[in-house]
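Participant: Supplied in C-alpha cells, the structure appears directly below.
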Amino acid sequence: MTTTFAGDIRRIATLAWPVLVGQLAIIAFGVIDTAMVGRYSALDLAALGLGSSIYVSVYIGLTGILTALQPVAAQLYGARKDVEIGLEVRQAFWLALVLMVVGFAILYFPGPLLDLARPPEALRERTVAYLRLLSFGLPASLAFRIYSSLANAVSRPRLVMFLQVAALAIKVPLNTWLIFGGLGVPALGGPGCALASTTINWALAVCAAIALTRIDVFAPFEIFKHFCWPEWKRQAELLKLGIPMGLSYLIEVTSYTFMAIFIARLGTTTLAGHQIAGNMGAVLYMTPLSIGVATSTLVAQALGGARPAEARTLARHGVMTAVAIACCYGAIVLVLRPLLIKGYTPDPAVAAAAMPLVAIVTLYHIFDALQITTAFALRSYKVAVVPTVIYAIALWGVGLGGGYALGFNVPGTLPEWATGARGFWIANTASLAIAGIGLVGYLSLVSKRYLRVKE
C-alpha cells in the first residue's frame, strides 16, 4: 500500500482527535480539581499536588501494564483474528484483578511514600485522606483502561471519548458540591474532589461493561460468551510486553512524582506553583499522547496485516506531526503564561512561583512530544525493554538525580536561577531530550530490522 505524508496525517488525525477530546476531558479533571481546590485553601492545593503525584504514579504504572492489550489486539485485528482478541481481553481482566490488589494497598497505606516528602502534619493528614478515597476507585479505573485499550486497538476511539466527555459534565457539579459542601454535605476540600473522581470512575466502568456487551463492533470478539481461567502462556506474553511498558510509564511519572516530593521541602507556596506548571504540562501532553495512540494503532494494524513498510512510514509521520504541533503550543504558552497562571490562582505569591516554571514547560513539552510518540510507535512493534532502559537512564539518572543536584544546589556554587524548583524542571527537560533522541534512534533500527525480516 502506497502512502503519502498528507494521507497518513489524515488517517492519524481521524483516530487522534477523539482520543485528544477524551483525554482532555480526563485531564480536565485535574485542572478542575486544581482550580477549585486552589480557591478552597492553599493547604488543600498543596495536598492535592502531593497526593495526585503519588496517585498518578500508581495509576500510570498499573494501567501501563494493561495497555499492552492495545498493540496485541491491534495486530490481531489487522490479521483478522477476532475470536482471539476476545480471549486476550479476558486474560487482561484477570491481570487487572491482581494489579488492583497491589495498587489499593499502596494508595490506602501511603505512609512510606509520604515519609520521603517530610510534609507538615496538617498536609500529611489531608494527603492521606485524599489518597484513601481514590484507592476505592482504582479497580474501576483499571477495568476502564481495558475497555479503552480495546476500543483504540480496533479504531473506535469515539466510543471512549463519549464516555469521557460525559464524565466531565458530571465532574464539575459533583466537585462543587463535595469540595465546598451543601445540601447537608460538609465542605470536604481536597478529599471532596477525590470522592467525586471515585464515584465517576465506577460509573465509567459500568458504562464500559454495557458497551462491550451491547455494541456491534465488539460482538465478533465474543468477550463474554466464554469463560476462561488465566492462561499462563498468554499472561506471560502480556506481562512480557506490559511490565516494561508499565515500568517505562512508572519511570516517566515517578520522575515527576519525586520531583514534587522533593519540591515539597521547599515550602507550600513553591509546591503550589509547581502544581500549576505540572498541570499545564499535563494538558499540553494530551495532544502528542493522542497522536501517539493513533499512530500506534495504525502501525500495529499494518504490522498485523504484514505491511512493514507502511508501518515504518506511519511511525515517522506520526512523530514528525507531534513535534511540529508541540513547537506551536510552546510558543503560544510562552506568550500567554501570565493569563494562564492567573486562571489557576488569585494568590500573587503562588503565581510568582509558577511563572518561571511555566516558561521552562514550553521547551519541556517539545521533548515530551518527541519521546511519547516514539515510545508508542515502538510498542506497536511489541518492543518495550530497551525503551525502558533509556527511560531509566535519562529520567531517573539525569532528570531526578540531576534535578536533586540542581534543586538543592548540591555543588554549592550554582546560580540562583538554576536552583530550587527551576533546577528540577531544567534537569527534567534535559532528561526528556536525551530520552527522545535515544528512542528515535532505536525506532529507526527496529523498523529497519522488521522490514528486512518481513520482506
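Participant: Within the group Ala92, Ala96, Ala153, which residue is of a type in the set (A, V, I, L, M), within 22 Å of Ala384 (Cβ to Cβ) and touching a Ser or Thr at 6+ places or on another chain (Cβ under 7 Å)?
Facilitator: Details: Ala92 fails: touching a Ser or Thr at 6+ places or on another chain (Cβ under 7 Å); Ala96 fails: touching a Ser or Thr at 6+ places or on another chain (Cβ under 7 Å).
Residue meeting the stated conditions: Ala153.
Participant: Exactly one of these conditions fails for Thr419: (1) within 15 Å of Val253 (Cα to Cα); (2) modelled with pLDDT under 90. Give me its number.
Facilitator: All conditions pass for Thr419, except number (1).
Participant: Taking the range 95-117 on its own, how many of its residues are touching a residue at least 24 places away in the same chain (Cβ under 8 Å) and closer than 26 Å to Glu231 by Cβ?
Facilitator: Applying the first criterion (touching a residue at least 24 places away in the same chain (Cβ under 8 Å)) to the range 95-117 yields 95-96, 99-100, 102-104, 106-108, 110, 113-114, 116-117.
From what is left, the residues that are closer than 26 Å to Glu231 by Cβ are 95-96, 99-100, 102-104.
So the count comes out to 7.
Participant: Also, I was wondering about something else. I'm trying to understand the selection: among the residues of the range 20-72, which are assigned to a helix (DSSP H, G or I) and polar (S, T, N, Q)? Working first, answer last.
Facilitator: Keep residues of the range 20-72 that are assigned to a helix (DSSP H, G or I), which gives 20-38, 42-66, 69-72.
Correct list: Gln23, Thr34, Ser52, Ser53, Ser57, Thr63, Gln70.
Participant: Whether any residue in the range 132-149 is surrounded by 19 or more Cβ atoms within 10 Å (Cβ to Cβ), among the hydroxyl-bearing types (Ser, Thr, Tyr), in contact with a Pro (Cβ under 6 Å, 6 or more places away or on another chain) and over 25 Å from Leu15 (Cβ atoms) is what I want to check.
Facilitator: No: the range 132-149 contains no residue that is surrounded by 19 or more Cβ atoms within 10 Å (Cβ to Cβ), among the hydroxyl-bearing types (Ser, Thr, Tyr), in contact with a Pro (Cβ under 6 Å, 6 or more places away or on another chain) and over 25 Å from Leu15 (Cβ atoms).
Participant: OK, next. List every residue pair whose Cβ atoms sit under 9 Å apart, with the two residues 6 or more apart in sequence or on different chains, where the first one lies in the range 26-37 and is touching a residue at least 12 places away in the same chain (Cβ under 8 Å) and surrounded by fewer than 23 Cβ atoms within 10 Å (Cβ to Cβ) and the second, anywhere, is charged (D, E, K, R) and part of a helix (DSSP H, G or I).
Facilitator: Going by the 9 Å Cβ cut-off, the qualifying pairs are Ala28/Lys171; Phe29/Lys171; Ile32/Lys171.
Participant: Now a separate question. Can you tell me which residue within the range 400-444, out of those that are out of contact with any helix residue (DSSP H, G or I) (no Cβ under 7 Å at 6 or more places or on another chain) and in a helix (DSSP H, G or I), is farthest from Thr268 (Cα to Cα)?
Facilitator: Among those residues, the one meeting the criterion is Ser444.
Participant: Scan the range 160-181 residue by residue and report those that are over 24 Å from Ser57 (Cα atoms) and buried (at least 22 other Cβ atoms within 10 Å of the Cβ).
Facilitator: Correct list: Leu178 only.
Participant: Could you run through the range 104-127 and say how many residues are surrounded by 15 or more Cβ atoms within 10 Å (Cβ to Cβ) and over 19 Å from Ala260 (Cβ atoms)?
Facilitator: Residues in the range 104-127 being surrounded by 15 or more Cβ atoms within 10 Å (Cβ to Cβ) and over 19 Å from Ala260 (Cβ atoms): 2 in total.
Participant: Being β-branched (Val, Ile, Thr) and more than 28 Å from Ser248 (Cα to Cα) is the filter here; which residues of the range 68-83 pass it? Steps first, please.
Facilitator: Initially, the range 68-83 is screened for residues β-branched (Val, Ile, Thr), giving 72, 83.
Val83, the sole residue that qualifies.
Participant: Let me ask another. Could you say whether any residue in the range 74-89 is at pLDDT 90 or above, under 21 Å from Trp202 (Cβ atoms) and in a helix (DSSP H, G or I)?
Facilitator: yes
Participant: Looking at Glu252, Glu237, Glu222, which one is closer than 28 Å to Thr373 by Cβ and surrounded by fewer than 17 Cβ atoms within 10 Å (Cβ to Cβ)?
Facilitator: Being closer than 28 Å to Thr373 by Cβ and surrounded by fewer than 17 Cβ atoms within 10 Å (Cβ to Cβ) holds for just one of Glu252, Glu237, Glu222, which is Glu237.
Participant: Of all residues in the range 197-226, which are within 27 Å of Ser53 (Cβ to Cβ) and modelled with pLDDT of 90 or more? Step through it out loud before you land on a result.
Facilitator: Let us first name the residues in the range 197-226 that are within 27 Å of Ser53 (Cβ to Cβ), namely 197-205, 208.
If the condition is that a residue be within 27 Å of Ser53 (Cβ to Cβ) and modelled with pLDDT of 90 or more, then Thr198, Thr199, Ile200, Asn201, Trp202, Ala203, Leu204, Ala205, Ala208 are the ones that fit.
Participant: When Glu416 is evaluated against the numbered criteria (1) in contact (Cβ under 8 Å) with a residue 12 or more places away in the chain; (2) surrounded by fewer than 16 Cβ atoms within 10 Å (Cβ to Cβ), which criterion, by number, is the only one it fails?
Facilitator: Among (1) in contact (Cβ under 8 Å) with a residue 12 or more places away in the chain; (2) surrounded by fewer than 16 Cβ atoms within 10 Å (Cβ to Cβ), Glu416 violates only (1).
Participant: Scanning for something of a type outside the set (Ser, Thr, Tyr), over 27 Å from Leu247 (Cα atoms) and either in contact with a Cys (Cβ under 7 Å, 6 or more places away or on another chain) or surrounded by fewer than 24 Cβ atoms within 10 Å (Cβ to Cβ) (or both), does the range 58-65 turn up at least one residue?
Facilitator: Checked against the condition, which is being of a type outside the set (Ser, Thr, Tyr), over 27 Å from Leu247 (Cα atoms) and either in contact with a Cys (Cβ under 7 Å, 6 or more places away or on another chain) or surrounded by fewer than 24 Cβ atoms within 10 Å (Cβ to Cβ) (or both), the range 58-65 yields no hits at all.
Participant: With respect to Ala169, determine if the residue is among the small types (Gly, Ala, Ser), within 21 Å of Arg379 (Cβ to Cβ) and under 24 Å from the mean Cα position of the chain (by Cα). Please lay out each step first, then the result.
Facilitator: Values: among the small types (Gly, Ala, Ser): yes; within 21 Å of Arg379 (Cβ to Cβ): no; under 24 Å from the mean Cα position of the chain (by Cα): yes.
Taking the combined requirement at face value, the residue does not satisfy it.
Participant: Next question. Do we have Gly190 as surrounded by 21 or more Cβ atoms within 10 Å (Cβ to Cβ), modelled with pLDDT under 90, touching a Leu at 6+ places or on another chain (Cβ under 8 Å) and not hydrophobic (A, V, I, L, M, F, W, C) here?
Facilitator: On the way: surrounded by 21 or more Cβ atoms within 10 Å (Cβ to Cβ): yes; modelled with pLDDT under 90: yes; touching a Leu at 6+ places or on another chain (Cβ under 8 Å): yes; not hydrophobic (A, V, I, L, M, F, W, C): yes.
For Gly190, the condition - surrounded by 21 or more Cβ atoms within 10 Å (Cβ to Cβ), modelled with pLDDT under 90, touching a Leu at 6+ places or on another chain (Cβ under 8 Å) and not hydrophobic (A, V, I, L, M, F, W, C) - is met.
The values are calculated or read from the model by the stated rules, or taken from the named source; none is laboratory data. What you see is a predicted model, and the numbers here were worked out from it, not measured in a lab. Positions of Cβ are generated from backbone atoms using ideal geometry, with glycine treated the same way; all protein chains shown enter the neighbour counts.
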